[in-house]
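The structure appears right after this line, and notes come after that.
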Amino acid sequence: MKLVSYLTAQGNDQLAFYHEGYLYNTDTVHPDLPGSMGLFLHYWSDVITTAQEVNAAIVAGKITTASGLPLANAKLLSPVPFPTSCRDGYAFRQHVAAARRNRGVPMIPEFDQYPIFYFTNHNSIQGPGPIRCMPDHFEKLDFELEAAIVVCKNG
């Protein structure tokens, strides 16, 4: 199952299933599904089974492309448009060691003993598209590949 968020013509974020080049609005294909990723994650345990059933119907062709929106006609947002929190894990040892060396501090032994993460700016999450930078930001530009994991439970 692939879920995406996109910008509607009215300027709202909309949750949709993605399948073979088409987006299917969750709340249009089934009345019990929420229309935003935030609500989907909040009510995860209540909606996941229905979402899986609807996704299977889309894949099987029981819900046709007539109900969908071509991906080419949509502006994708970040998968979770308004995340409440974001943590970044220190997973690549060489990167951490180089960053600490550049700051003139020794490598921390805890890196090898515990999973380490830090809270990062949850407002900086973006979807696909142009990345806007100020000219002086290009002097030391560092891009990283990031993967997201969404945990849908309290605690």
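If we keep just the residues of the range 100-133 that are exposed (fewer than 11 other Cβ atoms within 10 Å of the Cβ), under 30 Å from Pro79 (Cα atoms) and of a type in the set (A, V, I, L, M, F, W, C), which is modelled with the highest pLDDT?
Going through the qualifying residues, I end up with Phe119.
For a quick check of your reading: which helices (runs of 4 or more DSSP H) sit entirely within the range 11-121 and have at least 3 residues that are under 30 Å from Ile131 (Cα atoms) and without any contact (Cβ under 8 Å) to a residue 40 or more places away in the chain?
Qualifying helices (runs of 4 or more DSSP H): 37-42, 93-102.
Considering only the range 134-155, state which residues are modelled with pLDDT of 75 or more and either in a loop (DSSP other than H, G, I, E, B) or under 19 Å from Phe82 (Cβ atoms) (or both).
Met134
Hey, any hits in the range 24-35 for a residue that's touching an Asp or Glu at 6+ places or on another chain (Cβ under 9 Å), of a type in the set (Gly, Ala, Ser) and outside the structural domain of His122 (by TED's automatic domain parsing)?
So far as the range 24-35 goes, yes, one or more of its residues are touching an Asp or Glu at 6+ places or on another chain (Cβ under 9 Å), of a type in the set (Gly, Ala, Ser) and outside the structural domain of His122 (by TED's automatic domain parsing).
The values are calculated or read from the model by the stated rules, or taken from the named source; none is laboratory data. Bear in mind the structure is a predicted one, so any value in this text is a computation, not a measurement. So basically every Cβ, Gly included, is an ideal-geometry build from the backbone, and we count neighbours across all protein chains shown.
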